[in-house]
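In what follows, a structure is listed as structure tokens, so that the remarks can point back to it.
The values are calculated or read from the model by the stated rules, or taken from the named source; none is laboratory data. None of these values were measured; they are calculated from a predicted model. Glycine gets a Cβ as well: all are built from the backbone with ideal geometry, and neighbour counts include every protein chain shown. Quick note on the areas: whole protein, heavy atoms, side chains included, nothing else; ligands and nucleic acids left out. Shrake-Rupley method; radii C 1.70, N 1.55, O 1.52, S 1.80 Å.
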Amino acid sequence: MDQVTRKEKAAFAAVDELVKSGMKLGLGTGSTAIHAVRRVGELLAAGKIAGIRAVSTSFQTTMECERLGIPLYTLNAREIGGALDLTIDGADEIDGENRCIKGGGGALLLEKIIAYASASWALVADESKLVERLGRGFPVPVEVVSEAWTSVKNYIGSLGAEVVLREAARKVGPVITEHGNMILDTRFLHDISPGAMEEELNNVPGVVESGLFTRVRPRVFVARADGSVEERG
Ligand code: 5RP
């Protein structure tokens, strides 16, 4: 079974099990989360669920919701009131305690706001995302205000990390996030304590948010190579 199909299986399993009519629903970003968006659209179109109020984490997700007719609100909208019933999202790395790294797609800021504002949070992934320790493979993205990228880079570097300003692929210069900030991809040269590092990064002046998600623990839907979906947490 190919990776795209595995991503789809994990996303469909989470939506089918967790999404109920009337929910205020956070929708994540990326090539796995997009399958959850599509499944929600499909169930709405088939009349199997109704009354969904969705909050999107990125232009990618917003555009897909618009295409599928999924009703969208901001987190501040009266209909949402800053609190969600459920968020479904993808991840770049997930450890055995269901802590994760996110932000490969550059949407970490809204992804974290929405995950932490949800009564329940689910991650969907294929098994390539499971790791023993966070940060050994995938660099931790850190979103910074542009005025501070150099000072933050210096500071994080002093913690023992290689820090690279994320470059845009089809534009000259850095990636500018949907909130007008830059991203520092941070590869720690030693094992980190994810909870302590999330807190430490959040305390650096100029850091908007980090891609370490440790304070709330999601349910994780992992698609295995044989096509089965394992649920954890
Ligand atoms: C975007 C994210 C994504 O959820 C994460 O990068 C995983 O993406 P994919 O499912 O495409 O591997 O955090 O900011």
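Residue-wise HN-Hα couplings along the range 133-142, as the Karplus relation 6.51 cos²θ - 1.76 cosθ + 1.60 with θ = phi - 60° gives them from phi, are 10, 5, x, 7, x, 8, x, 7, x, 10 Hz; Gly and Pro carry x.
Per residue, the convex hull spanned by the Cα atoms of the range 69-147 amounts to 129 cubic angstrom. Given the pairs LYS24/LYS153; LYS9/LYS112; LYS24/LYS171; LYS112/LYS153, which span a C-alpha to C-alpha distance of over 26 angstrom in this model? Beyond 26 Å between Cα atoms: LYS24/LYS153; LYS24/LYS171.
Share of pairwise Cα-Cα distances greater than 20 Å in the range 140-211 is 22 percent (whole percent).
For the set VAL4, VAL140, the ranking by accessible area, highest first and with no ligand, DNA or RNA atoms included, is VAL4, VAL140 under a 1.4 Å probe. Distances between placed amide hydrogens fall under 5 Å for THR87 paired with GLY26, SER120, TRP121, ALA122, all partners being 5 or more residues away or on another chain. Computing FRET efficiency as 1/(1 + (r/R0)^6) for VAL4 and GLU79, where r is the C-beta to C-beta distance and R0 is 30 Å, gives about 0.35. Taking every alpha-carbon pair within the range 39-106, the share separated by more than 20 Å comes to 41 percent. Shape summary of the chain, radius of gyration then Dmax from alpha carbon positions: 17.4, 55 Å. In order along the range 167-175, the Karplus-derived 3J(HN,Hα) couplings, from 6.51 cos²θ - 1.76 cosθ + 1.60 at θ = phi - 60°, round to 8, 6, 8, 10, 8, 6, x, x, 5 Hz, and Gly and Pro are given as x.
Using θ = phi - 60° in the Karplus curve 6.51 cos²θ - 1.76 cosθ + 1.60, the 3J(HN,Hα) couplings for the range 2-7 round to 7, 5, 4, 5, 5, 4 Hz; x is entered for Gly and Pro. The largest accessible area among ARG38, ARG215 belongs to the first residue in ARG215, ARG38, and the rest follow in falling order (1.4 Å probe, all chains). Of the listed residues TRP121, TRP149, the order by accessible area with a 1.4 Å probe, largest first, is TRP149, TRP121.
Convex hull of alpha carbon positions in the range 1-116: directionally averaged projected area 7.2 nm². Taking Cα atoms, how many degrees apart are the long axis of helix 149-158 and the longest axis of the chain, rounded to 10 and kept between 0 and 90? Once rounded, the angle reads 70 degrees. Length available on full extension from GLU97 to SER193: 0.36 nm per residue minus the Cα-Cα distance, which gives 33.3 nm.
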